[in-house]
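Have a look at the structure below before the remarks.
The values are calculated or read from the model by the stated rules, or taken from the named source; none is laboratory data. Because the structure is predicted, anything quoted here is derived from the model rather than measured. Here Cβ is always computed from backbone atoms with ideal geometry, including for glycine, and neighbour counts include all displayed protein chains.
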Amino acid sequence: MDTVRNFPITGILKPADATAVIIWTPDGRYLMQVRDDIPGIFYPGHYGLFGGAREDGETFEECAIREVREELDLDIRGHLRPFTSCMLGFEPFGYGRVERVFFDCCLPEDALTGLVLTEGQRYELIDGETLLSMKRVTPYDAFALWQHINVRNSPAR
């Protein structure tokens with residue numbers, strides 16, 4: 001198997017439009033997933049946000065709600081706000097561009113008790129400063145988190 005910067009080229013990855021939810025607590029900690037360490041997923045073993053690929057006919061918001069419910073047994077309806085999005089180009093691999101939409105979701109810490117993790121190795125609440133210094137964070141999520149932490153800490157906010 002070929003490897004580029006510790007990222008295996010498996011030939012089975014299928015890029016798709018997706019969502020990610022920036023779940024954070026009022027004291028500035030972020031709920032992060034340690035992704036499964038298996039072939040066939042983007043950035044195995046890295047920290048990432050909760051979310052996933054959009055299904056046919058599904059809005060990005062519906063996708064975010066479904067993915068978090070499936071991955072954590074957590075109902076975030078009524079708590080989502082659009083935050084940012086990015087386009088990722090997969091043309092070198094024979095695919096087009098895909099969109100990743102990020103939602104903001106601030107919840108009190110007690111709302112995060114009793115979560116049932118169904119994907120990934122574990123989850124952790126991590127403060128923003130620590131998160132920004134970590135090396136094994138999926139790059140697209142790291143950029144959205146950098147934006148979120150800086151906007152949240154901006155004096156104009």
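Only a single item in (1) at pLDDT 95 or above; (2) in contact with a Leu (Cβ under 9 Å, 6 or more places away or on another chain) is not met by V34, and it is number (2).
Given the condition of a type outside the set (A, V, I, L, M), within 17 Å of the chain's Cα centre (by Cα) and at pLDDT below 95, answer yes or no: does some residue in segment 92-102 qualify?
Our first condition is that a residue be of a type outside the set (A, V, I, L, M); within segment 92-102, this holds for 92-97, 99-100, 102.
Filter again for within 17 Å of the chain's Cα centre (by Cα), leaving 99-100, 102.
Now drop any that are not at pLDDT below 95, which leaves none.
Within segment 92-102, not a single residue is of a type outside the set (A, V, I, L, M), within 17 Å of the chain's Cα centre (by Cα) and at pLDDT below 95.
The residues of segment 59-92 that are part of a loop (DSSP other than H, G, I, E, B), in contact with a strand residue (DSSP E or B) (Cβ under 8 Å, 6 or more places away or on another chain) and either among the hydroxyl-bearing types (S, T, Y) or closer than 17 Å to Q147 by Cβ (or both) amount to a single one, L80. For segment 87-103, filtering for residues that are surrounded by 14 or more Cβ atoms within 10 Å (Cβ to Cβ) and closer than 24 Å to W24 by Cα leaves 5.
Looking only at residues of segment 15-67 that are touching a helix residue (DSSP H, G or I) at 6+ places or on another chain (Cβ under 7 Å) and among the β-branched types (V, I, T), we find that the one that is nearest to V98 (Cα to Cα) is T19. Just so you know, in segment 113-133 the residues that are of a type in the set (D, E, K, R) and surrounded by 12 or more Cβ atoms within 10 Å (Cβ to Cβ) include one that is farthest from E71 (Cα to Cα), and it is D127. Taken over segment 93-108, the criterion of being of a type outside the set (V, I, T), assigned to a strand (DSSP E or B), over 14 Å from L49 (Cα atoms) and touching a residue at least 12 places away in the same chain (Cβ under 8 Å) is satisfied by E99 alone.
If you take the residues of segment 45-57 that are surrounded by fewer than 16 Cβ atoms within 10 Å (Cβ to Cβ) and assigned to a loop (DSSP other than H, G, I, E, B), which of them is nearest to the chain's Cα centre (by Cα)?
Taking segment 45-57 first, the residues surrounded by fewer than 16 Cβ atoms within 10 Å (Cβ to Cβ) are 45, 53, 55-57.
Retained after the next criterion (residues that are assigned to a loop (DSSP other than H, G, I, E, B)): 45, 55-57.
On the way: G45: 13, E55: 17, D56: 20, G57: 21 Å.
For segment 45-57, the residue satisfying everything is G45.
Picking from residues in segment 134-156 that are among the hydrophobic types (A, V, I, L, M, F, W, C) and free of Cβ contacts under 8 Å to residues at least 12 places away in the same chain, the one that is surrounded by the fewest Cβ atoms within 10 Å (Cβ to Cβ) is A156. Taking segment 25-43 as the range and being within 21 Å of L13 (Cβ to Cβ) and in contact (Cβ under 8 Å) with a residue 12 or more places away in the chain as the test, the residues that pass are Q33, V34, R35, D36, D37, P39, G40, I41, F42, Y43. Go through the residues of segment 18-27 one by one and say whether even a single one is in a loop (DSSP other than H, G, I, E, B), in contact with a His (Cβ under 7 Å, 6 or more places away or on another chain) and at pLDDT 90 or above. Checked against the condition, which is being in a loop (DSSP other than H, G, I, E, B), in contact with a His (Cβ under 7 Å, 6 or more places away or on another chain) and at pLDDT 90 or above, segment 18-27 yields no hits at all.
C106 fails exactly one of the following numbered conditions: (1) at pLDDT 95 or above; (2) surrounded by fewer than 13 Cβ atoms within 10 Å (Cβ to Cβ); (3) over 14 Å from the mean Cα position of the chain (by Cα); (4) not aromatic (F, W, Y). What is the number of that condition? Failing condition for C106: (2).
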